[in-house]
Every structure is written in structure tokens, then in C-alpha cells.
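J.: What follows is a single structure, and I will ask about it in a moment.
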Amino acid sequence: MSQTDLELLLRELGGWDWELCRRELPAVLPRLLSMYQESEDWTEHIRVLRILTEMFLPHISLGDLEQTFFSKVLPKTLQLYDKLMYELSSEAKGLTGQNTELRSTVRNLLQTIVQLLETLTSCVRYICTLQECVPLDSIRTLPSSVLYVIKSTFTHCKDSESVYCGHLHLISDLLQAVFKETYSLQKQLMELFDQISVGPASTEDDITDMVSVIHTVLEICSVISNMDHALHANTWKFIIKQSLKHHALLQCHLKHSDILSGLCKDTLLSFHSSLQLAEEMKMSDIQDGADLRLFQKTVKLCRFFANSLVYYTKEFLPFLSDLCSQLHQLFLQIYSKFPPSLYAPVISEVHQDEISRVFLVALDPLISQLLPFSPFMEQVLRDTSGLPAEQQLPQCLLLITIMDKLSSQPEEVQTLWNTGKRLSFLSALFQSFQQCSAELSLPVCLPEVISTGQPAVPITLYHYVCVHLCSFIASTLPSQFPHLEYALLDAVLGSSMITSLLAMDSWCFLARYGTAELCAHHCVVIAHLIKSWPNECYQVSVLGVLLKRMLFLMAPDHQVEFAHKFLPEEVENLAVWQHVSLRALSPDLGKRVVRELCMAALAQCRRWLNSRRAWGELQPVNVAFSVLLVACNFSGDALEAELQASILGVLGQFWTFLQAKQVSDEPRLQQTLCLLLHLLEFFIQALDAQLISQVFSLLSSLLRLDPPDHIRLAMLDFLSSVGKVFIPQEVQRQVVPQLSCSFASLLADQTWLIHQRALEAFRHFAEETIHEDVVPQCLNSEEIKNKVVNFMAKVKQGEETTEARIERLKQERITCDAHFLKMARELESTGEPLAKRACHPPSEEQYKSAVGTMEGAVEAVKLLLQKGSPPAWVAAKLEALHTAITILRDSVRKQLLSCCTLAL
């Protein structure tokens with residue numbers, strides 16, 4: 001058709017009415033479509049498309065739309081659109097304010113795009129007016145074509161800054177028109193899909209097309225995420241709505257990973273935007289205005305995404321097994337940037353409350369519906385020791401949130417979490433809590449409602465976790481009780497002191513909340529563990545602390561039963577009683593137990609003294625001293641005079657054996673010395689001149705050998721009590737210099753704990769002593785004197801700012817985490833503990849020393865036999881030693897024979 005014929009036809013059509021268009025449709029439509037396909041002029045092309053859409057499209061039946069119109073018109077429309085966009089991008093590169101011709105060209109191209117978008121919008125709008133369900137196969141080409149145009153146009157708008165090389169102001173009005181028309185086109189298409197029917201009888205092509213539409217709209221979401229809040233939200237609303245509307249047909253075909261990832265990503269983006277706005281308002285002290293309104297809109301967008309996640313996850317949960325790590329990370333990243341995290345921006349309490357009230361509350365149901373989902377449980381409870389520092393507190397808070405919800409879940413859900421493949425829930429909570437060292441040290445605070453109807457008050461992280469853990473324990477089902485007991489015991493015996501303390505506090509709550517019989521049963525179990533465990537293990541002292549606390553919670557009749565089960569007079573039970581506070585017992589029971597313990601402990605000490613065993617066999621003596629310390633702590637000055645004399649006499653005998661070099665070399669002997677010093681505090685005013693002299697002589701010699709910290713602390717406790725003593729005249733010349741030198745040495749200690757305790761001990765001594773001339777002698781330098789004076793005057797030293805402290809704690813945690821992670825990896829790679837340092841072959845001197853010790857022991861036994869009859873067990877012991885020596889002799893002979901053979 002010639003250009004003249006085309007122009008004549010278009011003029012003729014301009015005068016046609018509605019009825020004439022309907023009658024002439026069969027004859028005219030093929031001619032118009034032919035003209036449309038052949039047209040290369042953009043203006044003409046748009047003109048024909050508009051006539052087709054506005055004058056003839058309404059007269060085509062719904063069943064014929066695809067075959068007669070869309071499949072023939074839209075492919076050519078997309079060709080025109082691509083040419084327009086290519087031409088526009090090419091011309092835009094040279095756009096300047098001086099080149100008016102080029103500027104006019106670019107503006108004409110943009111105007112043409114606006115007209116094209118308007119025409120497509122009117123086309124889609126017409127389909128929406130049909131007031132009936134629209135089968136997808138009747139408009140199959142329309143959605144994909146329109147979505148292609150929408151996506152490409154939004155991408156052009158998003159990249160406009162770079163496309164137009166900084167000259168946006170020359171075409172900004174038209175570019176805004178392009179964006180507006182694209183917005184309208186998308187909105188109209190979404191309205192159309194509310195009318196599209198995809199039912200059980202739909203074909204595979206229908207399902208494929210519907211899935212393609214959702215995935216394409218998802219791609220559009222990533223383009224427009226930062227362009228317009230309302231557009232972004234409505235686009236996501238379409239995806240969620242259509243996915244849920246056609247749930248049964250589409251669930252196996254949708255790219256759930258892409259949809260969920262997009263939701264999580266956009267949730268985080270909007271959340272970070274709200275935090276950034278809140279931080280800026282905090283810094284500029286803005287409380288209202290445009291920034292506040294934008295902040296509120298952004299928080300509402302956060303809520304929208306949270307609700308969308310909840311709806312989508314609820315419907316498609318079985319298909320999200322591989323995506324639980326993203327959901328887990330979503331919670332961790334949100335909590336890591338929100339107070340009380342040390343890595344959160346500083347925002348006002350008002351804005352913090354709004355984010356919490358509007359967004360976090362909306363996100364909370366997501367956790368509830370994920371609880372029965374096994375893959376989510378496995379993800380959350382996996383070993384999280386490798387988490388970044390900023391996510392360790394969020395992991396702990398997430399576990400607490402889960403813990404609060406578990407009590408209302410069915411028993412099978414609670415069992416799921418309490419019997420995790422890698423960790424049980426409580427074990428994971430204790431592990432996570434242990435990693436929050438910086439937050440516990442600061443400490444950070446969280447809001448907690450202490451009593452119903454009252455506002456929340458800030459409490460420390462430790463308090464917060466403990467309260468929620470105790471609440472969980474109170475609601476634990478009987479079937480889950482063994483898991484609870486196991487987790488508590490495992491945490492008590494763990495390597496983290498703060499975690500062990502949390503487990504103890506929780507266990508004590510359990511003892512108070514539960515029955516008296518349960519408390520008594522746990523006390524007996526703990527006591528048996530202490531009794532059967534090697535005394536060198538640190539776990540024994542931890543169990544001892546727990547038993548001491550639990551005994552206070554026992555019913556009086558159960559305490560009597562406990563004393564009957566673990567008779568104080570039996571030596572094997574002293575290991576248990578050394579950890580008990582007798583103040584927990586009734587006065588009568590306490591007095592009886594004190595006497596029996598003292599008699600058993602003194603007998604144990606006398607046996608050792610009489611046998612003169614080696615220093616390496618001091619453990620029974622240390623247990624006996626610990627028991628005597630328990631008795632003295634309970635009775636104090638009320639201890640029977642006879643027992644006081646007996647104890648003091650035994651202590652005096654031990655001091656005659658102690659030598660500074662031995663104490664420095666032998667750990668068990670160090671423990672003995674510490675116990676002796678603590679016991680002497682109770683008898684400080686009854687010490688005679690000789691014993692005082694022996695004690696200070698040993699302490700003075702020991703300080704010169706640089707003893708470990710626990711000995712220094714025991715020395716300071718003892719020195720603190722010396723102020724009550726009048727040093728006898730005959731030993732003052734010796735003791736006073738030793739006393740002053742000891743204080744001077746400890747006050748100058750560089751370890752902060754020793755130095756602080758030395759200041760406290762010296763103040764106590766100085767306030768009580770009658771030997772006032774000793775006080776200045778202890779301050780042998782101006783620096784120490786100034787520190788003591790400032791301490792006594794309670795002068796504050798320079799304080800670390802909160803910001804500096806937070807940064808220091810962050811760095812400390814990074815260092816510690818790196819160290820522990822390295823150790824864990826080394827253990828994992830080898831599958832066994834790290835190898836010990838290679839030992840060098842023993843020297844001849846070592847053999848001589850060992851054999852010499854054996855010879856000395858034999859001579860000592862000979863001397864004892866000359867003094868009197870031996871106990872009955874000595875013969876059996878000597879027989880066993882004889883057998884052991886024979887085995888050693890044969891082993892030596894074999895090794896010598898092997899060496900000779902090799903030499904030959």
C-alpha cells in the first residue's frame with residue numbers, strides 16, 4: 001500500500017463511528033494490520049496502533065483476541081519499542097544544552113515512547129472493562145509484551161543519570177512522564193490479572209505463562225527497589241497475591257529461592273533505610289518534617305515486607321527447605337543493626353520504639369510458623385561459633401524468642417527442638433550466650449516487663465536471659481525433663497564461667513519451683529558426682545558451688561537424710577562436705593556435723609603427719625583442710641575450745657614442714673599453703689610468736705620466688721587480718737620488716753587484680769593495727785604512696801568512655817574468637833587433640849634422681865620398722881611395690897639387650 005493510499009484510509013477512518021467500525025471490521029482489520037506491519041515511521045506507527053486499539057479492538061470477541069489481534073500487533077510493537085529505546089540511548093550520549101537539534105530529537109523520542117505507553121495502557125484498560133473472567137489463552141501475548149516494555153522502561157529511568165550524562169534537567173519533564181505512564185501501565189496490567197482465570201483445567205501453557213509473568217515481575221522488583229516506595233510495594237503485592245491465588249497450580253513451578261531471596265533482600269534494604277533516616281534525624285535533632293514522614297513511610301514499607309514474608313512462607317513452607325539459611329540470616333542481620341547490638345547505629349528511643357512496634361512485631365509471627373519446620377530448626381541449632389561478632393548477640397536473642405514460643409507449641413514441636421541433630425535447643429542457647437562476652441561485660445540492657453501492667457524497665461543481658469530461661473523451665477513438659485537436666489549439667493560443667501553461672505542460677509530456680517523431693521534428689525546426684533570425680537578436675541569445684549547453693553533450698557528433713565547418706569565422720573565423704581556451707585543446715589544439725597567433720601578431718605591430717613607421706617600425696621590433707629575451713633566458717637568463735645586447740649596444733653605441725661622452694665615447685669603444696677593461710681585467719685589472735693615467725697619467714701621467702709597469683713591472693717587475705725594481732729616483742733625485729741616488705745611487694749604488683757586486692761588488704765590492716773609505725777614502712781615509693789592515699793581517699797582515676805569501652809570490647813572479642821576458631825579448626829582437621837610437644841630422652845641425672853628417691857624411701861621404711869610395729873596394710877603394700885620393681889627391672893634389661901643387638 002502506497003503512502004497516499006495509507007493517508008486516505010486513515011483520514012476516512014477518522015470519520016467512522018462505533019457502529020461503522022463494527023460492521024467493517026472483517027474488511028478493514030486485515031488492511032490495517034498489513035499497514036502496521038509495513039510501517040517504519042514512528043509517528044505513523046503509533047497512529048495506526050492507536051486506531052487499531054481504540055476503534056477496532058472493542059469489536060473483536062474475547063475468544064478471537066489472541067489469534068486475530070495480539071499475536072499480530074504486539075510483536076511489531078516490541079520491534080518499534082526496541083528501535084525507539086536504541087535510538088534514544090544512542091542520541092542521549094551526546095545531549096548538551098548547546099545542541100538544540102539533538103535536544104529536540106531526544107525529546108521527540110521520549111514523547112513517542114509516552115504515546116506508545118499510553119496506547120498500551122488503553123489496550124489493557126479495555127480488557128479490564130470486559131467484566132468477566134479472562135482466559136489466559138485469549139490474551140497470551142499481551143502480558144509478556146507489556147511486562148517487557150515495563151521492565152525496559154523502568155531500567156532506562158533507573159539508569160538515566162548515566163544514560164543522559166548529567167543533562168537530565170533538559171528532559172526531566174518528559175522522563176517523569178515516561179515513568180508515570182509506565183507506572184500506570186503496570187498498575188493496569190495488575191488489575192487485569194485480577195480477572196484472569198487459571199483454574200484446575202488450565203493447560204501447561206497457561207501455567208508456564210503465569211509462572212513467567214510472576215518471575216518477570218520479580219525482575220522488575222529488583223529494578224524499582226529504590227525508585228518509588230508505593231510502586232515497589234504494589235509490585236511485590238502482585239507477586240504475593242498471584243502466587244497465593246494460584247497456589248495449587250504454581251507451587252511446584254515457582255522459583256521460590258528467587259522470590260524469598262528478593263523478599264529478604266528488600267526487607268533488609270527498607271530496614272537499613274529506616275535506620276539511616278533515624279540516625280540522621282538523631283544527629284541533626286530533627287523531630288518532625290519531611291524526614292520524619294519519610295521515615296514513617298519507610299517503616300511501614302518494612303512492615304509490608306514482613307507481612308509478605310509471613311504470608312508467602314506460610315503457604316510455601318514445604319518448598320523452602322534449602323532457604324532456611326536466608327531466613328535465619330534475615331533475623332540475625334536485623335537484630336545486629338538494632339539496639340541493643342553494639343553494632344547498631346545510634347537512634348532515638350522514639351524511632352527505636354516505632355521500628356519495634358511497627359516492623360519487628362509484624363515479623364514475629366514468621367518465627368512461630370517456622371518452629372515446626374525441621375530444616376529451620378537444624379539451621380538455627382547448628383554450631384554457630386563461626387558467626388561474625390556482630391551476629392552473636394542476635395543469635396542469642398533469636399533463640400530466646402524461640403524459647404518464649406516453644407512452651408505454647410505442641411509436644412512434638414518441643415521434642416523436635418530439644419532433640420536436634422547437632423545440638424539441643426538449650427545447649428545451643430548456652431553456647432550462644434557464652435559468645436556474647438562483650439555484651440555481658442559492658443553490659444548491654446534490654447527492656448523487660450517485671451510486673452504485669454507496668455512499663456518495661458532495662459535489665460542486663462544476663463538478667464534477661466536468666467528470666468526467660470527460668471520461665472521456659474517452669475513450662476517444660478515432663479517428657480522433656482531429661483533433656484533439660486542434661487543441658488543444665490552440661491552447661492554447669494562447661495569451660496565458660498559465666499555460662500556455668502547461668503546454668504546454676506537456672507538450676508536453683510528449678511529447685512525452688514519444683515518439689516522438695518526433686519531438689520533433694522538433685523542434691524544427692526550432684527554429691528555423688530563430686531564424690532566419684534577426680535579431685536583435680538575444675539568441674540568438681542563448679543559442682544561444689546552448685547551443691548552449696550542447692551543445700552540451702554532443701555527441706556530440713558531432707559537435709560537430715562542427706563547427712564545420713566553422706567556421713568560426716570566417714571573419710572570418703574569429706575570430699576563432698578568440703579563444698580558445703582553448713583549455714584544451710586539447722587543449728588542443731590550444723591553443730592553435730594561440725595564436730596563430726598572436725599574429728600574426721602583432724603584424723604586424716606594426723607594420719608598423714610604420722611606416716612610422713614610424700615608431698616605428692618597431699619590431696620587427702622587438702623580435702624581435710626577444706627573441711628576444717630567449712631567448719632570454722634560456720635562456727636567462728638563459737639567453735640569448741642578443744643577443737644580449736646586441736647586444729648591449731650595440727651596447723652602448727654604443718655608449718656614446720658613447709659619450705660618456700662617446695663611450695664613454689666609443687667602445685668598441691670601451693671593449695672595446702674593457701675588453705676593453711678585461710679585457716680590461720682580464724683586463729684589469728686591465738687598464734688604464738690614461733691608460729692608467727694615461721695609464717696612470715698615463709699611468705700617473705702616465697703615472694704622472692706615469684707609465686708602464682710592464687711598464692712598472692714591468699715597471702716593478701718591473711719595479711720588483711722594481721723592488723724588484729726599484737727606481734728610479740730621477741731619476734732618484732734624479724735617479722736615487722738618481713739610484713740612491710742610483703743605489703744610493699746604486693747602493692748607494687750602489676751597484675752590489676754593483685755594490686756586492687758593489695759590496696760583493700762592494706763587499708764584493712766592500716767585501720768586495725770596497733771603497730772602504726774609499720775604502715776609507712778610498707779610504702780617504699782612515692783608512686784605506691786600516692787596510689788594508697790588516693791585509694792583511701794576514694795579519688796576516682798581516669799574513666800574510660802562508653803564509646804572507647806565498646807570499641808575495646810569489640811577488638812577483644814575479635815581476637816578471642818579468632819583464637820578459639822583456630823583451635824577448633826585444628827582439632828577438626830586432626831580429629832584428635834593437638835599433639836603434645838615432643839619430649840627429649842631422659843638424662844642420666846634424671847634416672848639418678850628417681851632411683852635415689854626410691855632408695856631414700858626404702859631407708860625411711862627401715863627406720864620406721866626399728867621404732868615400732870607397722871600397720872597391717874604395710875606388708876601388702878611392700879609386696880605390690882616389689883612386683884612393680886621387678887617389672888621395671890625386666891623392662892630395663894630388655895631395652896639394654898635391644899640396644900646391644902642394634903650395635904652388633
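Laboratory data are not the source of any read-out in this text; all were calculated from the coordinates shown. Predicted model only: the values in this text are computed from it and were never measured. All Cβ positions, glycine included, derive from the backbone under ideal geometry; neighbour counts span all protein chains shown.
J.: Quote the relative contact order of region 478-546 in percent (integer), defining contacts as alpha-carbon pairs under 8 Å separated by 6+ residues.
T.: Relative contact order for region 478-546 comes out at 28 percent.
J.: I would also like to ask the following. Beyond 16 Å, what share of the Cα-Cα pairs of region 322-383 remains, rounded to the nearest whole percent?
T.: 52
J.: Once you charge only the Cβ atoms, +1 for Lys and Arg and -1 for Asp and Glu, what is the size of the charge dipole of the chain about its Cα centre, to the nearest 20 debye?
T.: So the dipole magnitude of the chain works out to roughly 2380 debye.
J.: Right, another one. Quantify how much of the Cα-Cα distance distribution of region 356-477 extends past 22 Å, in percent.
T.: In whole percent, the long-distance tail amounts to 36.
J.: With each pseudo-label sitting 7 Å past Cα toward Cβ, what's the residue 144-residue 401 distance in nm, one decimal?
T.: 4.1
J.: Let me ask another. Can you spot the lysines whose alpha carbon is less than 27 Å from residue 862's alpha carbon? Ignore those fewer than 8 places along the same chain.
T.: List returned: 848, 877.
J.: Next up: Find the relative contact order for region 462-513 and round it to a whole percent, using C-alpha pairs within less than 8 Å whose residues are 6+ positions apart.
T.: It comes to 44 percent, rounded to a whole number.
J.: While we're here: Please compute the contact order of the chain in relative form: average sequence separation of alpha-carbon pairs under 8 Å and at least six residues apart, divided by the residue count, as a percent.
T.: The normalised contact order for the chain reaches 5 percent.
J.: Still on this structure, please answer the following. Can you give me the long-range amide H partners of residue 134? Hydrogens built in the peptide plane at 1.01 Å from N, cutoff under 5 Å, separation of 5 or more residues or another chain.
T.: 196, 197
J.: Past 19 Å, Cα to Cα, is the threshold; run 151/297; 151/314; 158/282; 300/405; 265/337 against it and keep the listed order.
T.: From the list (151/297; 151/314; 158/282; 300/405; 265/337), the Cα-Cα distance tops 19 Å for 151/297; 151/314; 158/282; 300/405.
J.: Continuing with this model, one more query. What angle, in degrees between 0 and 90 and rounded to the nearest 10, separates the Cα long axis of helix 481-492 from the longest principal axis of the Cα atoms of the chain?
T.: Taking Cα atoms only, the helix is inclined about 60 degrees.
J.: To continue, here is another question. Divide, for region 620-727, the radius of gyration over alpha carbons by 2.2 N^0.38 Å, where N is the residue count.
T.: 1.01
J.: On to the next question. Apply 1/(1 + (r/R0)^6) to the Cβ-Cβ distance of residue 637 and residue 752, taking R0 = 30 Å, and write down the FRET efficiency to the nearest 0.05.
T.: 0.30
J.: May I have the extent of the alpha carbons of region 165-236 along their three principal axes, as whole Å values ordered from largest to smallest?
T.: Reported extents, whole Å, longest axis first: 53, 20, 20.
J.: Okay, moving on. Residue separation times 0.36 nm, minus the C-alpha to C-alpha distance between residue 495 and residue 358: what's the value?
T.: My answer for the length gained is 45.3 nm.
J.: In whole Å, what is the distance between the alpha-carbon centres of region 248-313 and region 648-694?
T.: Rounded to whole Å, the Cα centres lie 69 Å apart.
J.: Which angle between 0 and 90 degrees, to the nearest 10, do you get for helix 324-336 versus the longest principal axis of the chain when only C-alpha atoms count?
T.: It works out to around 70 degrees.
J.: Residues with beta-carbon under 15 Å from that of residue 585, excluding residue 585: net charge, scoring Lys, Arg +1 and Asp, Glu -1?
T.: Cβ neighbours under 15 Å give a net charge of +3.
J.: Going by how many other Cβ atoms sit within 10 Å of their own, how do 746, 589 line up, fewest first?
T.: In increasing order of surrounding Cβ atoms, one gets 589, 746.
J.: If the chain between residue 470 and residue 689 were fully stretched, how many nm would it gain, using 0.36 nm times the residue separation less the Cα-Cα distance?
T.: Gain on extension, residue 470 to residue 689, equals 73.4 nm.
J.: For residue 564 and residue 880 in the same chain, what is the full-extension length gain: residue separation times 0.36 nm, less their Cα-Cα distance, in nm?
T.: That works out to 110.2 nm of additional length.
J.: Right, next: Which FRET efficiency, nearest 0.05, do residue 588 and residue 512 yield, Cβ-Cβ r, R0 25 Å?
T.: The calculated FRET efficiency here is 0.55.
J.: Give me the base-10 log of I(q)/I(0) for region 550-615 at each q in 0.19 Å⁻¹, Debye formula, one uniform scatterer per Cα, rounded to two decimals.
T.: -0.71
J.: Would you mind giving the three semi-axes, in whole Å and largest first, of the ellipsoid equivalent to the chain according to its Cα gyration tensor?
T.: Square roots of five times the eigenvalues give 86, 31, 28 Å.
J.: Right, here's the next one. Starting at the first residue of region 396-410, write each ³J(HN,Hα) from the Karplus equation 6.51 cos²θ - 1.76 cosθ + 1.60 with θ = phi - 60°, in whole Hz, x for Gly and Pro.
T.: Taking θ as phi minus 60°, the curve returns 5, 5, 5, 5, 5, 4, 4, 4, 4, 8, 4, 4, 9, 8, x Hz for region 396-410.
J.: Of all the C-alpha pairs in region 241-371, what % are more than 21 Å from each other?
T.: Beyond 21 Å sits 43 percent of the P(r) for region 241-371.
J.: Under a point spin-label approximation (7 Å from Cα along Cα-to-Cβ), what is the residue 608-residue 786 distance to one decimal in nm?
T.: Inter-label distance under the simple model: 4.6 nm.
J.: Give me the distance between the Cα centres of region 209-231 and region 316-385, rounded to whole Å.
T.: Each part reduced to its Cα centre gives a spacing of 24 Å.
J.: Could you give the angle, 0 to 90 degrees to the nearest 10, between helix 229-245's Cα long axis and the longest principal axis of the Cα atoms of the chain?
T.: Helix 229-245 sits at roughly 90 degrees to that axis.
J.: Using only the alpha carbons of region 535-671, determine the length spanned along each of the three principal axes and report them from longest to shortest in whole angstroms.
T.: Each principal axis gives a Cα extent; for region 535-671 these are 48, 36, 23 Å.
J.: By the gyration tensor of its Cα atoms, with a ≥ b ≥ c the square roots of the eigenvalues, what is the shape of region 335-420: rounded for a/c under 1.5, prolate for a/b over b/c, or oblate?
T.: Oblate.
J.: Suppose R0 equals 60 Å. What FRET efficiency, 1/(1 + (r/R0)^6) with r the Cβ-Cβ distance, do residue 245 and residue 799 give to the nearest 0.05?
T.: The computed FRET efficiency comes out at 0.45.
J.: Specify the inter-centroid distance of region 751-792 and region 563-582, based on alpha-carbon positions, in whole Å.
T.: Here the two parts' Cα centres lie 40 Å apart.
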